[in-house]
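Peer 1: To start, I am sharing the structure in question, which I have written as structure tokens.
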Amino acid sequence: MEHPYLFFVKLFELIGLAHFAHAYPHVIYSWIVMAILIVFGYLAAKAVTLIPSKGQNFFEILISGLEEFAVGVTGEEGRWLFPIVGTVFIYIATCNLIGLVPGFYPPTASLNTTLSCALVVVIYTHVIGIKYHGAKYIKHFLGPVWWMIPIILPIELIGHLARILSLSFRLFGNMMGHELVLGILFFLAGAFFAPLPIMALGIFVALVQAFVFFLLSIMYFTGAMEHAH
Amino acid sequence: MEATALSFFIACVTAAGFGIAIAAFGCGIGQGLGLRSAVEGIARNPESSGKVTVTLLIGLAMIESLCIYALVVALILIYAHPQAAAIAGLLGH
């Protein structure tokens, strides 16, 4: 399997940072995603009018749809959590989708990016729990009766660590699997448009995986905010 | 030494092949059961088709992720197990 040709890695080679570019393509492409999101966000929000322009309209539909869905899951008290999960969704969806452009590498196809997103979400879950319940947050981990604590506490702790693993590996596995299948199909039959159906599936998978990450984050936040059983 | 490293690699690759096949088998059955219930729900009550479809897609993504975990383990076995350097040297890369 030949090494994939990545535009921005080649660009960095031209300015002499070839070693950095080859070792960390996911960092470079996440900078590209950040630049795209900042530029589009700035352009859409520059002149906010009552009758929205196209860019403003797109972002309004996207953000209001996500916010209504998030508040539907968490209840009205969870509205202040929306900025972080909305950002997570938009960032992961854009990261996944730029992988479909030829010459670009999706940053989420590297475990570093997905692990960072998963760590942020899970640590924030605990921050929310401590903020809402204080020291009584530990009751979430102790189960319903006091004599089951030695069994329930390790299970709950392992469950929380497993959340980090599952969030990061689900997204990483989907994106890396997609990249591998594309690479193998290009190697086998690239001249016959064989990878095209996989790329169509890739659009679907990109959006669904971003949405699943978003939904699981909201559900974890809701679980931390509510009272222990 | 080279013979045991090579036979270890052959065992790893065989295990990876069987592992992902069994995972895909289980995942197919699981998603098929979910899909059956979703389609039955829509057939009973066509108006709920939007909500049922969204729930179905979320459920399918969850079940799919179990197969993806098995895929990641298979990839680790083929490409990233601790003997990878020795194996690569053996095969002359």
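Peer 1: Which ³J(HN,Hα) values in Hz, rounded to whole numbers, follow from the phi angles of the stretch A:106-117 under the Karplus curve 6.51 cos²θ - 1.76 cosθ + 1.60, where θ = phi - 60° and Gly and Pro get x?
Peer 2: Those phi angles translate into x, x, 6, 7, 10, 5, 4, 5, 5, 5, 5, 5 Hz.
Peer 1: Here's another thing I want to ask about it. Take the eigenvalues of the Cα gyration tensor for the protein assembly as shown, scale each by 5, and report the square roots as semi-axes in whole Å, largest first.
Peer 2: On the way: eigenvalues 241, 168, 102 Å².
One finds semi-axes of 35, 29, 23 Å for the protein assembly as shown.
Peer 1: Return the average number of partner chain Cβ atoms within 10 angstrom of each residue Cβ along peptide A:209-218.
Peer 2: Values: counts 4, 0, 4, 7, 1, 0, 4, 3, 0, 0.
The shielding value for this peptide is 2.
Peer 1: Using a 10 Å cut-off around each Cβ of peptide B:60-66, what is the average number of partner chain Cβ atoms that fall inside?
Peer 2: The mean count of partner-chain Cβ atoms within 10 Å per residue comes to 5.
Peer 1: What average number of partner chain Cβ atoms lie no more than 10 Å from the Cβ of the residues making up B:67-74? Please list the in-between numbers first.
Peer 2: Numbers: counts 2, 11, 5, 1, 6, 7, 2, 0.
Whole-number average of other-chain Cβ neighbours for B:67-74 is 4.
Peer 1: Can you tell me the order of B:69-76, A:30-37, B:40-47 when each peptide is scored by its average per-residue count of other Cβ atoms within 10 angstrom, highest first? Mind showing how you got there, number by number?
Peer 2: Working: B:69-76: 17.5, A:30-37: 15.6, B:40-47: 11.4.
The packing order, highest mean first, is B:69-76, A:30-37, B:40-47.
Peer 1: With everything on Cα atoms, drop me the angle between helix A:82-98 and the longest principal axis of chain A, reported from 0 to 90° to the nearest 10.
Peer 2: The angle comes out near 30 degrees.
Peer 1: Please give me the summed charge of the neighbours of A:His22: other residues whose Cβ is under 12 Å from its Cβ, Lys and Arg +1, Asp and Glu -1. Don't jump to the answer; show the numbers that get you there.
Peer 2: On the way: positive: A:Lys10; negative: A:Glu13.
Result for the local shell: 0.
Peer 1: Can you give the calculated 222 nm mean residue ellipticity of chain B, where each DSSP H run of n ≥ 4 adds -39,500 (n - 2.57) and the sum is split over every residue, rounded to the nearest 500 deg cm²/dmol? Working shown, then result.
Peer 2: Values: 3 runs with 82 residues, N = 93.
Taken over chain B, the calculation gives -31500 deg cm²/dmol.
Peer 1: Oh, and also: So what J values fall out for the stretch A:171-184 if you push phi through Karplus, 6.51 cos²θ - 1.76 cosθ + 1.60 with θ = phi - 60°, rounded to Hz, Gly and Pro as x?
Peer 2: Ordered by residue, 3J(HN,Hα) equals 5, 4, x, 4, 6, 5, x, 4, 4, 5, 4, 4, x, 5 Hz.
Peer 1: Across the stretch A:58-75, in residue order, what do the Karplus-derived ³J(HN,Hα) couplings come to in whole Hz, using 6.51 cos²θ - 1.76 cosθ + 1.60 with θ = phi - 60° and x for Gly and Pro?
Peer 2: So the Karplus estimates, Gly and Pro as x, are 4, 5, 5, 4, 4, 6, 5, x, 5, 5, 5, 5, 5, 5, x, 7, 8, x Hz.
Peer 1: Follow-up. Looking at chain B, which Cys residues are left with no other cysteine's beta carbon under 4.7 Å from theirs?
Peer 2: If one checks each Cβ against the other cysteines of chain B, B:Cys12 turn up with nothing under 4.7 Å.
None of the figures in this text is laboratory data; all of them are computed from the coordinates on show. Predicted model, so just to flag it, every value in this text is computed and none were measured. Backbone-built Cβ (ideal geometry, glycine too); neighbour counts: all protein chains shown.
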